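For reference, the structure discussed in these notes is given below.
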Amino acid sequence: MWLIANFKDNFSTTEVLDWLGKIGPKLSFENKVKIVICPDFLSIEEIKKEIMVGRYPILIGAQDLSPFSAGSFTGEESAEHLKQFIDLVILGHSERRANFGETDQLIREKTKRAVDLGITPVVCVQSNETPIPLECKVVAYEPIFAIGTGVADTPQNANEVAISLKKQVEGVMEVLYGGSVNAENIKAFMEQENIDGVLVGKAALNTEEFLKMLEVCNEL
Ligand code: PGA
């Protein structure tokens with residue numbers, strides 16, 4: 001089970017460190033979920049240091065990576081450079097598809113880069129019609145109407161979509177749900193048989209709410 005916090009571009013490095021200072025010391029290695037935080041690129045190295053010093057059971061994810069190898073690609077962060085700091089990368093988020101023109105083909109290329117460099121890609125799909133890149137073993141079902149709106153999909157429908165996504169691929173693939181998950185509704189999503197975790201945006205920014213979500217997960 002995954003509990004992934006996507007900070008998007010909401011926090012400065014100081015704010016991510018503050019968040020970590022409040023959450024890290026409260027975590028035990030007995031957590032039932034794999035906790036992942038996905039800060040902005042600028043904060044990743046600092047956060048990695050803090051997690052190592054504090055020995056916190058937290059994995060780090062990036063919110064994107066370059067489809068190219070390291071080299072002359074202005075403004076990009078390559079998988080080679082990110083690899084030493086991150087375990088996972090979110091790819092194909094609907095905000096990137098809508099605001100940065102990311103296509104299914106580009107997301108496929110990025111997925112391949114991540115896998116080639118040993119980084120786990122979590123590919124966001126907006127419905128069971130979004131293509132799933134071949135190498136992808138974790139997808140997040142994130143319906144656009146539910147992102148940042150406070151109106152989540154129903155856990156039952158999310159479970160149905162997860163079943164249909166799993167049927168589309170050969171072998172084992174985990175499916176997460178994302179879109180207005182919070183401390184109130186997380187239990188209902190986590191309890192669904194075919195949902196293997198959640199990807200949380202807004203509600204994860206608040207440390208008290210994040211700890212509540214973690215508590216709910218540990219009680220499942
Ligand atoms: P939200 O964002 O929890 O704020 O809806 C989720 C996401 O964008 O991954």
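The values are calculated or read from the model by the stated rules, or taken from the named source; none is laboratory data. As the structure is a prediction and not an experimental result, all values here were calculated from the model. Cβ atoms come from the backbone with ideal geometry, glycine included; neighbour counts cover every protein chain shown. Protein only, heavy atoms only, side chains kept; ligands, DNA and RNA dropped before computing areas. Shrake-Rupley method; radii C 1.70, N 1.55, O 1.52, S 1.80 Å.
Could you name the aspartates and glutamates in cross-link range of LYS83, using Cα to Cα under 14 Å and dropping any fewer than eight places away on the same chain?
Leaving aside aspartates and glutamates fewer than 8 places away in the same chain, those within reach of LYS83 are GLU45, ASP64, ASP116.
Dividing the alpha-carbon radius of gyration of the range 10-67 by 2.2 N^0.38 Å (N being the number of residues), what value is obtained?
With N residues counted in the range 10-67, Rg over 2.2 N^0.38 Å equals 1.12.
How large is the charge dipole for the chain, taken about the Cα centre, if only the Cβ atoms of Lys, Arg (+1) and Asp, Glu (-1) carry charge, to the nearest 20 debye? Kindly include the intermediate steps, with their values, before the conclusion.
Numbers: 21 positive and 33 negative charges, 55 e Å.
Around 260 debye, computed over the chain.
Test of understanding: what is the full-extension gain from HIS81 to GLU129, defined as 0.36 nm times their sequence separation minus their Cα-Cα distance?
My answer for the length gained is 14.0 nm.
Mean residue ellipticity at 222 nm from the helices of the chain, using -39,500 (n - 2.57) per DSSP H segment of n ≥ 4 over the full residue count, to the nearest 500 deg cm²/dmol?
-11000 deg cm²/dmol
Report ³J(HN,Hα) in whole Hz for each residue of the range 31-40, in order, from the Karplus equation J = 6.51 cos²θ - 1.76 cosθ + 1.60 where θ = phi - 60°; Gly and Pro get x.
Values per residue, Gly and Pro as x: 4, 7, 10, 8, 8, 10, 10, 10, x, 5 Hz.
Taking a cut-off of 21 Å between Cα atoms, list the lysines near LYS167, but don't count ones fewer than 8 places away on the same chain.
LYS137
Using a probe of 1.4 angstrom, how much of the accessible area of the chain is carbon and sulfur, in percent?
With neighbouring chains kept in place, the figure for the chain is 50 percent.
Once phi is turned into θ = phi - 60°, what whole-Hz ³J(HN,Hα) does the Karplus curve with 6.51, -1.76 and 1.60 give for every residue of the range 5-11, x standing for Gly and Pro?
9, 9, 6, 6, 10, 7, 10
Compute the semi-axes of the equivalent ellipsoid of the chain, taking the square root of 5 times each eigenvalue of the Cα gyration tensor, and list them largest first in whole Å.
Working: eigenvalues 111, 108, 46 Å².
Working from the Cα gyration tensor, I get semi-axes of 24, 23, 15 Å.
For MET52 and THR74 in the same chain, what is the full-extension length gain: residue separation times 0.36 nm, less their Cα-Cα distance, in nm?
On the way: separation 22, 0.36 × 22 = 7.92 nm, distance 3.01 nm.
Gain on stretching MET52 to THR74: 4.9 nm.
Straight distance only, please: which lysines reach the Cα of LYS212 with their own Cα at less than 16 Å, same-chain residues fewer than 8 apart left out?
Partners within reach: LYS22, LYS26, LYS32, LYS34, LYS187, LYS202.
Could you list which residues have their amide H under 5 Å from that of THR120, counting only those 5 or more apart in sequence or on another chain, with H placed in the peptide plane?
LEU88, VAL89
What full-extension length gain, to one decimal in nm, is calculated for GLU30 and THR149 as 0.36 nm per residue of separation minus the Cα-Cα distance?
39.6 nm
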